[in-house]
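Heads up: the structure comes next, in structure tokens.
Readers should treat all values here as calculations from the given coordinates under stated rules, not as data from a laboratory. All values derive from a computational prediction rather than experimental measurement. Positions of Cβ are backbone-derived with ideal geometry, glycine not excepted, and every protein chain shown enters the neighbour counts.
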Amino acid sequence: MSFLSRIPARQVLRAVPARALSGGGERAIPTALAEWHKSKSGKMVPFAGYSLPVLYETKEGGVVNEHLHTRAAGCASIFDVSHMGQIRWFGKDRVKFLETLLVGDVAGLKEGEGRLSMLTNPNGGIIDDTIVANAGDTVYMVVNGACKHGDIAHFKEQMASFEGEVSFEYRDDLSLIAVQGPGAAAALQKLMPAGLDLAKVGFMEGMDLAVSGVAGCRLTRSGYTGEDGFELSAPHAAVAQLADALCADPSVRPAGLGARDSLRLEAGLCLYGHDLDPTTTPIEGGLAWTMGGPKARRRTEQGFLGADKILAPDGKLLPVSRKRVGLVGMKAPAREGAEIFAGDVKVGVVTSGTFSPSLKKPIAMGYVATEFAKDGMALSVEVRAKKHAATVSKMPFVESSYYRKPE
């Protein structure tokens, strides 16, 4: 019996959070790749208001196969992430304005550089996590699909009282695909303009360019799997053409939401609305690093919404009562909402959990009272009315393979 046949694939599939699968009678918007997915036997489900493939019903597809293919040497997977919001910021005061909303150092980004940052509310809670990049005469931003309309309303509200020159454009004319895996660079290199060497593009660096002759694209070396990879923004009309060009490489296959979720959890990455929400601060979420170190400008100058709820006047992190942790050692996968105990005392709750295809064991993340957040702490998680021994674990669960360009 092969390893693949022994993995309980239904356990991995069930890890896609039910709250993210948006039914409720609302219309699921098709992406520009909808027909492409169907031609590849994609099993379509509503997700964050869009119709997206949860997996592909083929011999090579399915959550486990798609997950393991993404991590396999020389291979890569294509994910449709067109539900995400793409925004361009304009105006001479665009950076000044964004630094009133974001915890990170936008002014310090060199042209082409990007970073993960947090949009916070007046209480220091996370409204959304976002990638923000210096695109030369604009700032390029990617926000979460389920949050983007709320984010836009928030931007407009804050702009009304901002004294400066700033504007933005929500680019609903663009699709977004992620190409992830050890073979991502080799597959994409074939589509690059002459003279552009992806080996010289570092992690979180990007550029506007033509890809395979298609103008109006933006390529960023980033992703949500812990592997090397890229996110490629492209006009709706051309994205299927680009997906076909990538899949012409036999090492590249399509992958769905199920594999995307299990991959990101192995990588210790948060899913907004589950592991992060407006009541969670960057410190609680283990994301204080997005503000920089103790002497970083954003820590000392502050000036963003909720800074006084997160930082002391000297830039030190304020104490918190709970922290996000990883959990291993359970005999059964612990799902979102499972309670975490120290002895008979409830000390936290699971926010994401799955059966790890790479590690062949259950993994989870959640929030526990700060005094129980130390690595190696023995706890228990209640699954189906039975407590399972668990241990607090460092994350990522699977070592990340983000690209570092040669010095």
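Restricting the GluC sites (Glu not before Pro) of region 347-405 to loop positions (DSSP other than H, G, I, E, B) with no more than 15 neighbouring Cβ atoms within 10 Å leaves 399. On alpha-carbon atoms, Rg over Rh for region 270-407 using Kirkwood Rh? The Rg/Rh ratio comes out at 1.03. Candidate membrane-span-like segments in the chain, meaning DSSP H helices with Cα atoms spread over at least 15 Å of their own axis and a Kyte-Doolittle mean of 1.0 or above, are 236-247, with no membrane implied.
With coordinates expressed along the principal axes, the C-alpha atoms belonging to region 321-393 extend over 32, 24, 18 Å, beginning with the largest. Based on Cα contacts under 8 Å between residues 6+ apart, the chain shows a relative contact order of 18 percent.
As a proxy for reagent exposure, 70, 290, 58 were ordered by neighbouring Cβ count within 10 angstrom, fewest first; the result is 58, 290, 70.
If you take the Cα centroid of region 110-138 and the Cα centroid of region 253-282, the two points sit 18 Å apart. As a calculated quantity, the FRET efficiency between residue 405 and residue 244 at R0 = 35 Å, using C-beta atoms, amounts to about 0.75. Per-residue extension of 0.36 nm, minus the Cα-Cα distance of residue 163 and residue 277, leaves a gain of 38.1 nm for this segment.
Put a plus charge on the Cβ of each Lys and Arg, a minus charge on the Cβ of each Asp and Glu, and nothing anywhere else: the dipole of region 321-393 about its Cα centre is then about 200 debye. Peptides 150-161, 235-246, 344-355, 78-89 ranked from most to least packed by the mean count of surrounding Cβ atoms within 10 Å: 78-89, 344-355, 235-246, 150-161. The helix-only estimate of mean residue ellipticity at 222 nm for the chain, built from DSSP H runs of length n ≥ 4 each weighted as -39500 (n - 2.57), is -5000 deg cm²/dmol after division by the residue total. Among 76, 48, 333, flag the residue with its Cα farthest along the positive direction of the charge dipole of the chain, charges on Cβ as +1 for Lys/Arg and -1 for Asp/Glu. Towards the positive end, the residue furthest out is 333. If only the Cβ of Lys and Arg carry +1 and only the Cβ of Asp and Glu carry -1, the dipole of the chain around its Cα centre is close to 1340 debye. In this model, which of 40/148; 43/323; 96/309; 190/405; 59/360; 361/405 are farther than 24 Å apart at the alpha-carbon? Too far apart for the 24 Å limit: 40/148; 43/323; 361/405.
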